[in-house]
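Let me begin by presenting the structure, written as structure tokens, before commenting on it.
The values are calculated or read from the model by the stated rules, or taken from the named source; none is laboratory data. No experiment lies behind these values; they were computed from the predicted model shown. Cβ placement follows ideal geometry from the backbone for every residue including glycine, while neighbour counts extend to all protein chains displayed. Note: accessible area is taken over every heavy atom of the protein model, side chains too, but ligands, DNA and RNA are not part of it. Shrake-Rupley method; radii C 1.70, N 1.55, O 1.52, S 1.80 Å.
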There are 2 protein chains.
Amino acid sequence: MDYINVIGLVAAAMGGISLFPQLLKILKTKSTKDISLGMISIFSGSIFLWLVYGILLNNSPIIIANFFGFIQALIILLYKIKYK
Amino acid sequence: MDYINVIGLVAAAMGGISLFPQLLKILKTKSTKDISLGMISIFSGSIFLWLVYGILLNNSPIIIANFFGFIQALIILLYKIKYK
């Protein structure tokens, strides 16, 4: 794997894990007022496509990062709908 | 380009544009209390790496989506620091 692919891999993994601190914050504050429903919806779709991409390429780091990322995105989306 | 690459391309573009509704919301409400600094910081790093990745591959859709995405991420980061 060349270094360009490594950059893409790290970028995809960072996108997948970026929601973790957001989820922790929501679980603590139970507040999602300032979070955009459009942002979390489009971002959830993006993470889901990364998961599909990882599965099709059988790329474990992308699959793992985006599997957990997608679960986090769905939980944040549910909290956004519940505590809007 | 095969369909797997198209999925990755759409995923990268959706990640880049997902911050637009969030930025509009912040500009309107001037409030970023519920947004996690960790989330926006890691996500900004991810978008920056996608931009580098797109430039190295000379892939216009990834460059364009993540160029605007990165600018949006930086503005949101500045607002987060200003209106914390």
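Looking across segment A:23-46 at every residue that is over 10 Å from the mean Cα position of the chain (by Cα) and open to solvent by less than 10 Å² (accessible area, probe 1.4 Å), the one that is farthest from B:ILE35 (Cα to Cα) is identified as A:MET39.
Among the residues making up segment A:35-77, those that are outside any helix (DSSP H, G or I) and either over 24 Å from B:ILE4 (Cβ atoms) or acidic (Asp, Glu) (or both) are A:ILE35, A:SER36. Across segment B:50-72, the qualifying residues are those that are more than 13 Å from chain A (Cβ to nearest Cβ) and either more than 13 Å from the chain's Cα centre (by Cα) or open to solvent by less than 40 Å² (accessible area, probe 1.4 Å) (or both), and the one among them that is modelled with the lowest pLDDT is B:PRO61. Scanning segment B:5-22 for residues that are open to solvent by 30 Å² or more (accessible area, probe 1.4 Å) and facing chain A (nearest Cβ under 7 Å) gives B:ILE7, B:VAL10, B:MET14, B:ILE17, B:PRO21.
Is it the case that A:LYS80 is open to solvent by 30 Å² or more (accessible area, probe 1.4 Å) and either among the charged types (D, E, K, R) or outside any helix (DSSP H, G or I) (or both)? Against the criterion (open to solvent by 30 Å² or more (accessible area, probe 1.4 Å) and either among the charged types (D, E, K, R) or outside any helix (DSSP H, G or I) (or both)), A:LYS80 does not qualify.
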